[in-house]
RNA sequence: CGGAGCGUAGCUCAGCCUGGUAGAGCACUUGCUUUGGGAGCAAGACGUCGCAGGUUCGAAUCCUGUCGCUCCGACCA
């Protein structure tokens, strides 16, 4: 491709609505343009990168034995009602109506569609295992689209689904996908690592997310340097000492705490109650009914874990007025002692705790000497707290660390939730009808693209890995006079590389060298070959790897040197 | 959904407080010069100041509403 015939609209300055480096570079390098919030057009260069990533995904899916299909983006609501997700996932749906006013759903994911298809085709255990995948546009009404392609209303996803005749077989399918994902991200030049993850509204037994470390990531990952433990903070656990027991026989005592509003206030003089001797009382509304959630004063509630404990994701923090209606007190003085008519969920770490202090449900008063099992009617104990930096690794006991990351892939072992609901059953060896055991696997293809940029850049622009670069070689003649020695050589190298099947861009613009170099660095072509009168007088051209050093090479060796540089490193 | 900020040329932004001829830089067009890291000079073209009301002799500017965009939050009682 010749630059003058392409559309590569680079920008000197970042558009003001881009915040993070990868979003800025997407726009500045002329890869995408925004249509509206969370909606982007891929320009020719961006599309080339996207196609290369898709191709890597395809090759690895095929290698893992998955079969490519293509499902409709427009879906009937009936199958969502059948799976039970019409209600639980309704917030992410974009819904449209046809001329008869019938409602349709723009697919946010495809478990229901694939399972319906499989239900129609599956009859015998002899057909299993089977895995299917597709690369397709998904639609999600995100609460807040942001950071360009990172969280968009419409995005391209590779989604895959496995069907097996047993739990053990499903585990094998899961492992194949897990391994394929590892290879995919590696081939894209990404340093991604798997972490244990929460299954959330998807349901199912367990899952892993593939994370790309990045300060701008929306996820927090807990990990251990000493062993292999890594988990999303929504899922992570740690070994910590139980709450020290005090005098469990001492009677509850109410004491005045004028002006105390927070846990921290109570740790100061004259009260001096350590945060770990306090019970934090939180009020949540679950389907419009208040519930109390207790964690230790120095701990933080993890809402993702609360989802699992409550068995629903439809809850929210209560408003101040709702709290007053439920407990007769305002935040700052809340407690669960002698609360009988509201369900109380308590974090495991509080089990057996005594000599605790908590609010008295009366402004300006707290209670001390609270023995939680004696004084509070707990409906359910559960792991409800977030792990904090420095706590002991649950595997090896070394201190845990926390870092931010971008989720680029997610694999789930689902079990039979969808196959039972949508009747995807087969006859086993004994002729008995069994629901297939299912797994589902997603890669955010467009997000992966941006994650590569987020990870591979410097002050001058993008540094594309060879595998996904829009063009792998950029030829930069410093003058473009037709017939000149410089231009003739540029054309010759261009023709020879093209004949070798190398995707190469010839910068034939009538611009000053500085402009061409800046643009080549910004877009991030892995290999740049500069041809100018000065070096050509010595029979040389300049080979530069993006982010590497400049190397003068003989003009007749240019093509072979480039081909060598394109070979995969051993 | 709650909070905050921003909407002025293709892009980055100034002007608004204190109402009175709509601006700069970059990009674009033409010409000349220049040609190894985002050139210089000259001339030119490009705007319903997001939209709708209101106040006023007069609104980019003040007021109200609305739409869009961006960020933060949606546990820390």
Relative contact order [Cα under 8 Å, 6+ residues apart], region A:330-396, whole percent = 38 percent
Theoretical gain in end-to-end length, residue A:272 to residue A:380 [0.36 nm per residue, Cα-Cα removed] | 35.9 nm
Find how much the distance from residue A:509 to residue A:183 grows on full extension, using 0.36 nm per residue of separation minus their present alpha carbon separation; answer in nm with one decimal.
-> 113.5 nm
Let a ≥ b ≥ c be the square roots of the eigenvalues of the Cα gyration tensor of region A:471-566; is it rounded (a/c under 1.5), or, if not, prolate (a/b larger than b/c) or oblate?
-> rounded
Rounded to the nearest 5, what % of the DSSP beta bridges within region A:253-382 are antiparallel ones?
-> 70 percent
How long is the gain from residue A:481 to residue A:317 if the chain were fully straight, where each residue apart is worth 0.36 nm and the alpha carbon distance is subtracted?
-> 52.1 nm
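Take every Cα pair under 8 Å in chain A that's 6+ residues apart, average their separations, divide by the length, and report that relative contact order as a whole percent.
On the way: 1206 pairs, mean separation 96.2, N = 570.
Relative contact order of chain A: 17 percent.
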If each of residue A:141 and residue A:533 carries a label point 7 Å out from its Cα toward its Cβ, how far apart are those two points in nm?
-> 6.4 nm
Under 1.5 on a/c is rounded, so check that first for chain A, then, if it is not, pick prolate when a/b is larger than b/c and oblate when it is not; a ≥ b ≥ c are the square roots of the alpha carbon gyration tensor eigenvalues.
-> prolate
Taking r as the C-beta separation of residue A:248 and residue A:300 and R0 as 35 Å, the FRET efficiency to the nearest 0.05 is 0.85
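Mean residue ellipticity at 222 nm from the helices of chain A, using -39,500 (n - 2.57) per DSSP H segment of n ≥ 4 over the full residue count, to the nearest 500 deg cm²/dmol? Present the calculation step by step, with values, prior to reporting the outcome.
Numbers: 16 runs with 152 residues, N = 570.
About -7500 deg cm²/dmol.
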Just check region A:278-363 against the gyration tensor rule for me: Cα atoms, a ≥ b ≥ c as the square roots of the eigenvalues, rounded for a/c under 1.5, and otherwise prolate or oblate depending on whether a/b exceeds b/c.
-> oblate
Pairwise label distance in nanometres, residue A:427 with residue A:39, each label 7 Å out on the Cα-Cβ vector | 5.0 nm
Highest-first arrangement of A:275-286, A:369-380, where packing means the average Cβ count within 10 Å = A:275-286, A:369-380
May I ask you to derive the relative contact order of region A:471-566, considering only C-alpha pairs under 8 Å and at least 6 residues apart, and to give it as an integer percent?
-> 29 percent
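Where a number appears in this text, it was derived from the coordinates with a stated rule and is not lab data. Bear in mind that the values here come from a model prediction, so they are computed numbers and not experimental data. We place every Cβ from the backbone using ideal geometry, glycine too, and count neighbours over all the protein chains shown.
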